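Contents: one structure, followed by commentary.
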Amino acid sequence: MSIVARRDESRVLDELTRSARGGQGGAVVVVGAAGMGTTALVDSALAGLDGWLVLRAAGSEFERDLPYSCLRQLCAPVVEQRAALPAVQRKALESVFGLGGGTTASPLVIGLAVLGLLHELARRRPVCCVVDDAQWADEGTRQVLAFVARRVGAERIAVVIATRAGCPGLSDLPHLPLSGLGDADARSLLRSTARPGLDDEVLDRIVAEAGGNPLALLEFGRDAGPLGLPVHRAHHRAGVAEALEAEFARRAKRLPSATRTSLSRTLRDVMSNGCAASAPTTSWSAEVAWHLGFAQ
Ligand SMILES: Nc1ncnc2c1ncn2[C@@H]1O[C@H](COP(=O)(O)OP(=O)(O)O)[C@@H](O)[C@H]1O
Ligand SMILES: [Mg+2]
């Protein structure tokens, strides 16, 4: 996946993986506000990895109170390799996965077990552990992740964490903050995706309003009319995130009322249970996506 700008930031991630491949592992925490491109940057770095084992997980708002839910996701593809671990560590890992009869081990032993597992795996090929949206990862996972990230200096292991600012427990790891794109890059991203024929004044207004946030540039550019930004965004808001929220709320209002009601019901189910009561049909999902502007 090719991204606009972010050359210095990409270099930091390339350097991390280059060094880890050579046996000097490390960690980087990519930090950015919603829509700033943390996931896009990490994806772009991963796309360049050849011959690596990439383990990937993402924090979920709905599972942040479930101990080790994110760690389970991260280690699921390799848990079968646990036989190589010392018994104490194997049992600790099994306790996280609900295998075996023991109670959940302490974070320290689980950390050692994950480190041991990654160490075994890295003997065959370099390993990259990626945790996206770490601000929503459960606390146990964050503790283990930070524990592992601090101890991979002599391993073929890279740990890449993407998060919003202020994620607890990671402050001592190297941080890579993402700020807004500069005006020239913002304009080039906007031009590559916005409707052709928008005049320069309109583009300037979108660039100014988006503050370099790629998601805002893409979303604001999507429905800019020939006379400029839609009227509803002409007044100032507290920030880009609020403007984005308002934009999605406005699109939701355009849904036919029956679709809006079933969308509210689905969202309520997801917020309280972590999943929809019944699987949405493809045509329903396509209709919602079209109205909200997510359809390709
Ligand atoms: N540097 C970039 N160049 C092109 N598109 C980008 C760039 N950064 C982000 N995007 C796009 O902007 C949107 C939001 O980016 P994303 O990585 O999901 O943000 P975050 O994960 O920080 O919330 C996505 O559609 C992504 O593809
Ligand atoms: Mg993201």
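The values are calculated or read from the model by the stated rules, or taken from the named source; none is laboratory data. Treat the numbers as computed from the prediction; the structure is a model and nothing was measured. In this analysis, Cβ positions are derived from the backbone assuming ideal geometry, glycine residues included, and neighbour counts consider all displayed protein chains.
In region 55-70, the condition of being in contact (Cβ under 8 Å) with a residue 40 or more places away in the chain and in contact with a Lys or Arg (Cβ under 7 Å, 6 or more places away or on another chain) is met by no residue.
The single condition among (1) within 18 Å of the chain's Cα centre (by Cα); (2) farther than 25 Å from Gly22 by Cβ that Cys129 does not meet is (2).
Might you check whether a residue that is modelled with pLDDT of 95 or more and under 30 Å from Ala243 (Cβ atoms) occurs anywhere in region 21-28? Yes, region 21-28 has at least one match.
Of all residues assigned to region 5-18, at least one qualifies as being outside any helix (DSSP H, G or I), closer than 26 Å to Pro177 by Cα and not polar (S, T, N, Q). Where helices (runs of 4 or more DSSP H) sit wholly within region 185-293, those with at least 2 residues that are of a type in the set (Val, Ile, Thr), modelled with pLDDT under 85 and out of contact with any helix residue (DSSP H, G or I) (no Cβ under 7 Å at 6 or more places or on another chain) occupy 257-273. Against the list (1) out of contact with any His (no Cβ under 7 Å at 6 or more places or on another chain); (2) outside any loop (DSSP other than H, G, I, E, B), the condition Val29 fails is (1). Between Val159, Val148, Val114, Val144, which is within 20 Å of Val29 (Cβ to Cβ) and in contact with a strand residue (DSSP E or B) (Cβ under 6 Å, 6 or more places away or on another chain)? None of the others qualify; the one that does is Val159.
Number of residues in region 32-74 that are part of a helix (DSSP H, G or I), away from ligand 2 (no atom under 12 Å from the Cβ) and under 24 Å from His119 (Cβ atoms) equals 8. Restricting Thr104, Thr141 to residues that are at pLDDT below 95, more than 16 Å from ligand 1 (Cβ to nearest atom) and of a type in the set (S, T, N, Q) narrows the list to Thr104. Let me confirm something: among Gly59, Gly37, which residue is within 13 Å of ligand 1 (Cβ to nearest atom), within 22 Å of Gly140 (Cβ to Cβ) and surrounded by 14 or more Cβ atoms within 10 Å (Cβ to Cβ)? Going through Gly59, Gly37 in turn, the sole match is Gly59. When region 144-184 is filtered for residues that are part of a helix (DSSP H, G or I), closer than 26 Å to Arg123 by Cα and either in contact with a Leu (Cβ under 7 Å, 6 or more places away or on another chain) or not assigned by TED's automatic domain parsing to the domain that holds Trp52 (or both), the ones remaining, listed by number, are Val144, Ala146, Val148, Ala149.
Among all positions in region 77-88, there is no residue which is within 23 Å of the chain's Cα centre (by Cα), buried (at least 21 other Cβ atoms within 10 Å of the Cβ) and either within 16 Å of ligand 1 (Cβ to nearest atom) or at pLDDT 95 or above (or both). Filtering region 200-215 to residues that are farther than 26 Å from Val31 by Cα and free of Cβ contacts under 8 Å to residues at least 24 places away in the same chain leaves Asp200, Leu203, Asp204.
Condition check ((1) more than 24 Å from the chain's Cα centre (by Cα); (2) crowded, with 21+ Cβ neighbours inside 10 Å) across all residues:
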| position | (1), (2) |
| --- | --- |
| Gly98 | yes, no |
| Thr141 | no, yes |
| Gly166 | no, no |
| Leu173 | no, no |
